[in-house]
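Structure, as structure tokens:
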Amino acid sequence: MSETTTQFYVVKQGDNLTKIAAKHGLTLNQLLDWNPEITDPNTIRVGQRIRVSAPESSSGYEPFPGTHFFVPDTVSPIIEAMGYRLIEEHCSAYPGEPDYQWSDADKASYSKWQRKLGFSGSDADGIPGRKSWDKLHVPAVLVD
């Protein structure tokens, strides 16, 4: 297994995807491929995390995006893929189907997963950590 990690860039005032791509020696298409949650390349927001290195998909699983990814304003297909894995693991607290938006239902479902793994207390708070994420095996979210 590779020891490299996926790298992210946090959008600052005045940034756009073309500038971010150039700064990291990438093409706009690479950024769009690695960030499928960006549906309009002209619309990014300050504070948004942009993946600036290829996803570690050699395992076929989505790499751990970091704890700061799991906040209410996160909208990503990774969240939906995680939700479906939690349902498969019988750890659902969803009233319906999971979607792209991080929500209290995601947090409650993930807490069930953490408890299923034997975590307790603050280690079962519903915010994914690397150990529990790696065990969940969320399928890699890639755009062709």
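The values are calculated or read from the model by the stated rules, or taken from the named source; none is laboratory data. Please read all numbers here as calculations on a predicted model, not as lab measurements. Each accessible area value is taken on the protein alone, full model and side chains, heavy atoms only, with ligands, DNA and RNA left out. Shrake-Rupley method; radii C 1.70, N 1.55, O 1.52, S 1.80 Å.
Assorted remarks:
- Helix content alone sets the calculated 222 nm mean residue ellipticity of the chain: runs of n ≥ 4 DSSP H residues at -39500 (n - 2.57) each, divided across all residues, give -9000 deg cm²/dmol.
- 3J(HN,Hα) from dihedral phi, the range 113-127, Karplus parametrisation 6.51/-1.76/1.60, rounded to Hz, x for glycine, proline: 4, 4, 5, 4, 7, x, 6, 8, x, 5, 7, 10, 7, x, 8
- Taking the accessible area of the range 22-144, probe 1.4 Å, and keeping the other protein chains in place, the carbon and sulfur fraction comes to 51%.
- Full extension of the chain between Ile87 and Asn29 yields a length gain of 17.6 nm, computed as 0.36 nm times the residue separation minus the alpha carbon distance.
- Overall form of the chain per C-alpha gyration tensor (a/c, 1.5; a/b vs b/c): prolate
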